[in-house]
Amino acid sequence: MKKLFLLFTTLMFICFSAQKKGKDYSNILKSKNIYEINAFLRDAHPDDPRRSVLKPRVMDLMKEYIKNASPHDQKVKQMQDWLAMLKRKPSTKITFDEMNAIIKQKQIAKYQKELQVGQSAVVYTPSSPKNVFVPTPTVAKTTTAIADTEASEFNMLMAENPIEHKNKTVKILNSLFDNDPNAKECIIMIENKSDCNIIVRIEGVGTTKYRLPVPAGGDNSLVIQKGDYLLTSIVCGAQYASQKTIQKPLMVALGSSSKK
């Protein structure tokens, strides 16, 4: 009984702590903030009676925002997307599969455009050996400047000739459209959220190796054989390494921008 009581007490403490760390929606019915109400609809229980009041309210607020927005307001597209979702769903919350589908469609549009124009649509700043990255200060609060030793390799990998680029683009598009679970290859997409150009090295069994250059703030994709891989990279001077078992399309995000 003591063990049971201790377990019950522990679970209650965990639940109480989780509630304290959660968002406070006690005054949500008074809110006219689009983002606050939108967050509530994503977090609230499906049977929460406040939904019936707040969902139509936030939709009206979004319509009003779109109506009064300036022609170049970048938030309008987001509001339109949210409105479309709210017309068919209880909230703008999306599942992992829906997120993958969105990413997939964006990638298809990107590579179809590149195939049409015959060249990469990626705009990037070439790397320079003189670029230096300053790692996080140590305990002694000293810093060390590290030269970009991969600069020439990155620039070489990005400089595909038109034929190479076309072949790669066709292969990526075929993989994006291929839903066969028995396929021997799949696509991996790397999103670089850092301010530095990087090369992601993907090493498999034996001599199976790939190199994928990814511009700062951009992304790049590659079709690879399914299997177990070690992914490594130098992201603004910091070492990255991770083991991945790749049996289906995968997206990996690396780094974080220092820009506010």
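Give the long-range amide H neighbours of residue 131: residues separated by 5 or more places, or on another chain, with amide H under 5 Å away, using H modelled in the peptide plane at 1.01 Å from N.
Sorted by chain and number, the residues that satisfy this are 148.
Dipole of the stretch 127-254, Cα-centred, from +1 at each Lys and Arg C-beta and -1 at each Asp and Glu C-beta, to the nearest 20 debye? Display every interim value, and only then the final one.
On the way: 13 positive and 13 negative charges, 29 e Å.
Computed charge dipole of the stretch 127-254: roughly 140 debye.
Go ahead and run the numbers for FRET between residue 193 and residue 68, Cβ-Cβ distance against an R0 of 25 Å, rounding to 0.05.
Efficiency at R0 = 25 Å is approximately 0.15.
In what sequence, largest accessible area first, do 196, 236 appear using a 1.4 Å probe? Could you put the intermediate results ahead of the total?
Values: 196 15, 236 35 Å².
Order by accessible area, largest first: 236, 196.
Please calculate the 1.4 Å probe accessible area of residue 191, with all protein chains present, and give it to the nearest 10 Å².
Per-residue accessible area (residue 191): approximately 60 Å².
Residues of the stretch 209-225 with the amide nitrogen closer than 20 Å to a label point 7 Å from the Cα of residue 178, along Cα-to-Cβ, please.
Label zone hits: 209-212, 220-225.
How large is ³J(HN,Hα) for each residue in the stretch 227-233, as worked out from phi by the Karplus curve 6.51 cos²θ - 1.76 cosθ + 1.60 (θ = phi - 60°), to whole Hz, x for Gly and Pro?
Rounded to whole hertz, the list is x, 9, 9, 9, 9, 10, 6.
Considering only protein heavy atoms, what is the solvent-accessible area of residue 25 at a probe of 1.4 Å, reported in Å² to the nearest 10?
That residue has around 40 Å² of solvent-accessible surface.
Heavy atoms only, probe 1.4 angstrom, no DNA, RNA or ligands counted: give me 156, 62 ranked by accessible area, highest first.
156, 62
Using 0.36 nm per residue, how much length does the chain from residue 211 to residue 244 gain when fully extended, once their Cα-Cα distance is taken away?
10.3 nm
Residue 47: accessible area at probe 1.4 Å, nearest 10 Å²?
120
The values are calculated or read from the model by the stated rules, or taken from the named source; none is laboratory data. Treat the numbers as computed from the prediction; the structure is a model and nothing was measured. Don't worry about glycine lacking a Cβ; one is built from the backbone with ideal geometry, like all the others, and counts go over all protein chains shown. The protein model used for the area step is the full one, side chains on, heavy atoms only, and it has no ligands, DNA or RNA in it. Shrake-Rupley method; radii C 1.70, N 1.55, O 1.52, S 1.80 Å.
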